[in-house]
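Remarks on the structure that follows.
Rule-based calculations on the coordinates, nothing more; no lab input. Here the structure is a predicted model, which means the values were calculated and not measured. Here the Cβ positions follow ideal geometry from the backbone for every residue, glycine too, while neighbour counts run over all protein chains shown.
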Amino acid sequence: MRELVDAETWQSVQDRLSALLGLPVVTVDMQGQVVFKSGQFPFFCELVMKRGAHFCTLCRQDWADKASGVYQDSCHAGLYSVSAPIIINDRKVGAIIVESIRSEQRMNDAAAKAAVLIGVGQEELVDEIPRIPIQGAAQLQSIRHLLELFAATLPKLASEKLKDKRELQQLGVLFDFLNEMSVTFDLSKILNTTLNFCMKTFLLQDCSIRYGENEVRFAFLENRNDACRPLEDALWAHVSNSRMPLFLEDVRTDFLLGQLPGVSAVANSVFALPIIWNGVVKGMLVMYGKLGENLQQYEDVIFALTQRVEAALAAAKKYKDAQETAVTDKLTGLYNKHYFQETFKNEVARAAKFKRPTALLIFDVDHFKSYNDTFGHPEGDKLLAQMGTTLKDTVGAIDTCCRYGGEEFVVVLPEAKPEHAMAVAERIRAAVEAKEWPNRKTTISVGVITCMNSSASPDFMLKEADRALYKSKHLGRNRVTGFIIVDKNLGTIDASEASGQKVQ
């Protein structure tokens with residue numbers, strides 16, 4: 001394989017990749033033999049490779065043989081590697097592998113088995129494991145991104161044995177960008193990191209990025225946003241329709257754009273690029289250089305950069321959607337049972353530190369089974385969805401509303417004393433009773449528990465709230481029943497029976 005590439009170029013870029021990751025990187029041929037090596041292996045791996053080189057070669061040969069794409073697997077000693085195939089002239093010739101990755105999972109058992117396999121003491125090998133840094137899920141994703149970029153770009157450059165180093169410098173720029181961004185699922189951070197990186201790397205005078213409803217600007221000059229807004233709206237119309245970048249050496253002299261309000265104050269060259277993902281224009285990056293500066297010279301690297309930005313933005317959206325799905329009930333739009341359990345536990349713990357009250361109310365829809373049987377489950381789902389909307393419209397901003405399951409709902413009321421908790425519960429009950437529901441009149445039964453010093457456990461409070469709910473049902477439904485816990489050691493008081501007592 002060495003004869004197919006410029007060895008100096010390959011080694012130089014691979015060394016940089018290894019330094020960025022802080023991990024050893026090797027390039028191997030199809031037989032698993034190391035062609036290029038970068039970085040320092042931990043002593044654990046040195047020991048394994050010295051005594052069991054044959055097994056390491058077999059692992060590398062297996063990774064080189066993988067059909068396509070970035071591949072992750074563990075070696076015989078329990079460490080992970082991430083590999084990507086090397087394609088030159090449409091032929092797979094080997095693989096680039098990031099090695100010695102210790103995940104968060106325990107690897108003692110695998111290391112002990114490897115010790116027997118290669119004939120070293122188990123304790124000697126296992127004792128070296130804590131000296132290998134753990135790479136979390138975010139670091140693994142960053143490794144995959146960088147390796148994917150390396151495998152997609154370097155073989156072509158190195159096989160052409162380039163004397164012009166500009167493309168290699170551009171590849172280095174992309175490495176730096178991915179390393180600086182690392183892996184984040186925060187949309188705002190992705191946008192701001194992109195702007196800051198472009199400003200610094202391309203020595204821009206200004207830069208902006210828009211993505212969906214989000215827009216971020218890096219502006220040095222006052223009122224810059226007002227001057228650039230009409231221009232960028234016009235640029236967006238162009239790139240979103242043509243799907244092509246647009247470069248202007250002096251935007252003020254453009255026949256059409258130069259006539260826009262405020263453009264006379266924009267003494268810059270301008271380069272606007274669409275951010276395209278899955279064939280759809282999702283956003284736009286606008287770069288402002290010095291007057292007359294040819295920003296097009298960076299077009300290839302900037303285009304590759306925008307692809308990485310969009311991949312990160314798509315991942316952020318996917319992560320956000322997954323997070324919302326993880327905590328949100330799709331039918332009602334309220335938080336789900338899992339989120340309620342975590343929130344309620346944390347709220348009780350917080351309030352207990354300061355001996356402050358916490359209240360919980362639980363309610364369900366009266367005769368809901370009969371409603372489903374009469375009108376069908378789709379109509380029952382519509383009712384529950386409307387119940388979620390009614391609940392959100394009725395409670396305060398600091399109160400947490402959740403669908404507990406089926407037709408049961410819960411509300412966490414921080415710092416709520418009994419009279420406030422009962423008032424909220426009654427307000428919800430009355431709102432449901434007064435609402436014009438489809439099909440037939442609908443009511444709810446509510447149970448309320450308030451712990452005055454939050455000393456009771458969340459499980460016990462939920463149990464008591466449920467007991468209050470069933471008392472409401474027993475008394476005829478469409479009503480509120482409240483219980484009070486002054487202290488966990490004093491038991492539970494029925495609020496109706498304690499109406500003559502003053503609870504503080």
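Okay, here's what the table says:
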{"item": "The range 337-494: relative contact order in percent, alpha carbon pairs under 8 Å with at least 6 residues between", "result": "29 percent"}
{"item": "Answer label, with Cα Rg over 2.2 N^0.38 Å calculated from the coordinates and candidates (1) 1.14; (2) 1.35; (3) 0.99", "result": "(2)"}
{"item": "Cα centroid separation, the range 31-104 to the range 254-301 (Å)", "result": "43 Å"}
{"item": "The chain: relative contact order as a whole-number percent, Cα under 8 Å and 6+ apart", "result": "9 percent"}
{"item": "Inter-probe distance in nm under a simple model that places probes 7 Å from Cα toward Cβ, at Glu123 and Lys337", "result": "5.0 nm"}
{"item": "Cut-off 18 Å (backbone N to label point 7 Å along Cα→Cβ of Leu475), residues of the range 332-362", "result": "360-362"}
{"item": "Computed label-point distance, nm, for sites Ser240 and Lys355 using a 7 Å Cα→Cβ extension", "result": "6.0 nm"}
{"item": "Size-normalised alpha-carbon gyration radius of the range 337-494, reference 2.2 N^0.38 Å", "result": "1.02"}
{"item": "Expected 222 nm ellipticity per residue - DSSP helices of 4 or more, -39500 (n - 2.57), all of the chain, to 500", "result": "-15000 deg cm²/dmol"}
{"item": "Radius of gyration and maximum dimension Dmax of the range 437-500, Cα, Å", "result": "13.5, 47"}
{"item": "Ascending count of other beta-carbon atoms within 10 Å, so fewest first, for Ile362, Ile129", "result": "Ile129, Ile362"}
{"item": "FRET efficiency estimate (nearest 0.05) - Cβ-Cβ, Leu256 to Asp186, R0 45 angstrom", "result": "0.75"}
{"item": "Under 17 Å from the Cα of Lys330 - aspartates and glutamates, other chains or at least 8 residues apart", "result": "Asp321, Glu379, Asp381, Glu407, Glu408"}
{"item": "Value of relative contact order over the range 21-153, rounded to a whole percent, pairs C-alpha under 8 Å and six or more apart", "result": "25 percent"}
{"item": "Separation of the His420 and Ala326 label points, Cα + 7 Å toward Cβ, nm", "result": "3.1 nm"}
{"item": "Helical segments meeting 27 Å axial Cα length and Kyte-Doolittle 0.5 threshold in the chain (DSSP H)", "result": "137-159"}
{"item": "Positive minus negative residues near Ser269 (Lys, Arg vs Asp, Glu; Cβ under 10 Å)", "result": "-2"}
{"item": "R0 of 56 Å, Cβ-Cβ distance Gln386-Lys200: FRET efficiency to nearest 0.05", "result": "0.60"}
